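Working notes for the structure below.
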Amino acid sequence: MKLIFGNGWRATVAGDPILLLPRFAGTSVRVVPYTDVRERETFLVDTFGSQGVLWDAPDVFRFAPDGRQLVGAEFRLPEDSASAEDSARVPSAPAVSPGGLRADEVRDFRHEMCTVLCRSPEDAVLTCLRDLDVLDEPLDARIGIAPDVALLVQHGAVVGWSLTAPARYLTTPFAVPGSAPPSSATRRLLTECLDLITQPVIYDVEDSDPVALARLRAADDALRNQPDDRRRADALHRLIAQLVEDYAT
């Protein structure tokens with residue numbers, strides 16, 4: 001299968017998916033080998049593809065020049081969230097087919113980040129789409145490029161991505177996710193934090209609505225004082241920290 005990315009750039013579904021675990025840092029999902037800033041810089045120099053620059057943050061797909069195989073990816077969560085009704089329209093078919101990507105040519109390109117976040121019940125799956133028009137037609141395929149990370153394909157074009165079991169992969173940006181399953185408190189607070197940073201609750205926070213601010217302060221307190229699952233709690237706290245500083249202090 002040929003996939004079309006931004007600027008008409010193409011890759012072929014071939015080879016094995018990336019075996020690295022995704023890192024869900026609250027506002028981004030990274031499937032990358034590096035563990036610090038220096039390693040990240042080296043990784044970007046040694047690969048090609050789509051890359052963010054100073055004031056531009058597209059989705060990132062990095063390929064190895066030798067073999068042109070996908071070796072890393074990074075996605076950002078959109079600021080806009082779909083309604084519950086639209087989120088319920090996200091199709092469950094087709095099933096995910098694991099596969100790697102091989103670039104058709106060694107050339108950089110730009111792939112726009114998605115614009116809308118769709119959340120399943122209890123946030124078991126986060127799906128990010130190019131736009132809601134994607135939901136008007138069936139998908140061609142779901143390509144699993146890494147554990148629980150899939151690209152959504154429609155008419156041959158990559159129109160979104162999804163992360164299954166996001167609470168499992170919560171971590172700080174450069175750390176590998178913990179091997180233990182997330183606690184029930186972490187799962188609950190993930191949903192609460194996503195509520196706080198997405199519509200409509202984010203509007204109430206920005207308007208200093210007392211009920212919304214009380215929820216924000218309660219989440220802040222719960223994450224600061226959560227006795228277990230600390231790395232995931234720290235990752236979630238990063239998600240709301242700026243809101244707490246701007247509106248709840």
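The values are calculated or read from the model by the stated rules, or taken from the named source; none is laboratory data. These numbers were taken from a predicted model, which means no experiment stands behind them. Neighbour counts are summed over all protein chains in view; Cβ atoms, including those assigned to glycine, are modelled from backbone coordinates with ideal geometry. Just so you know, the surface numbers come from the protein's heavy atoms only, side chains and all, with ligands and any DNA or RNA stripped out. Shrake-Rupley method; radii C 1.70, N 1.55, O 1.52, S 1.80 Å.
Structure notes:
- Residues satisfying the stated conditions in segment 94-112, i.e. of a type in the set (A, V, I, L, M, F, W, C) and surrounded by fewer than 19 Cβ atoms within 10 Å (Cβ to Cβ): ALA95, VAL96, VAL106
- Residue in segment 116-127 that is in a helix (DSSP H, G or I) and over 29 Å from SER184 (Cβ atoms) present: no
- Out of ASP108, ASP195, sole residue that is over 15 Å from the mean Cα position of the chain (by Cα), under 27 Å from ALA84 (Cβ atoms) and not aliphatic (A, V, I, L, M): ASP195
- If you go through segment 9-39 and keep only what is closer than 26 Å to LEU194 by Cβ and not in a loop (DSSP other than H, G, I, E, B), you end up with ARG23, PHE24, SER28, VAL29, ARG30, VAL31.
- Residue match in segment 220-240 (condition: of a type in the set (Lys, Arg), farther than 30 Å from ILE145 by Cβ and part of a helix (DSSP H, G or I)): yes
- Residues of segment 121-134 satisfying the condition of being open to solvent by 20 Å² or more (accessible area, probe 1.4 Å), touching a residue at least 12 places away in the same chain (Cβ under 8 Å) and not small (Gly, Ala, Ser): GLU122, VAL125, ARG130, ASP131, LEU132
- Scanning segment 179-214 for residues that are assigned to a loop (DSSP other than H, G, I, E, B) and either surrounded by 16 or more Cβ atoms within 10 Å (Cβ to Cβ) or not small (Gly, Ala, Ser) (or both) turns up PRO181, PRO182, SER183, THR198, GLN199, PRO200, ASP207, ASP209.
- When the residues of segment 142-165 are filtered to those that are of a type in the set (Gly, Ala, Ser) and within 14 Å of SER97 (Cα to Cα), the one that is surrounded by the fewest Cβ atoms within 10 Å (Cβ to Cβ) is GLY144.
- When ASP229, ASP234 are checked against the criterion of being touching a residue at least 40 places away in the same chain (Cβ under 8 Å), on the phi > 0 side of the Ramachandran plot and open to solvent by less than 70 Å² (accessible area, probe 1.4 Å), ASP229 stands alone in meeting it.
- The single condition among (1) closer than 23 Å to TYR169 by Cβ; (2) open to solvent by 60 Å² or more (accessible area, probe 1.4 Å); (3) out of contact with any Phe, Trp or Tyr (no Cβ under 9 Å at 6 or more places or on another chain); (4) of a type in the set (A, V, I, L, M, F, W, C) that CYS118 does not satisfy is (2).
- Test result for ASP234, modelled with pLDDT of 95 or more and of a type in the set (Asp, Glu): no
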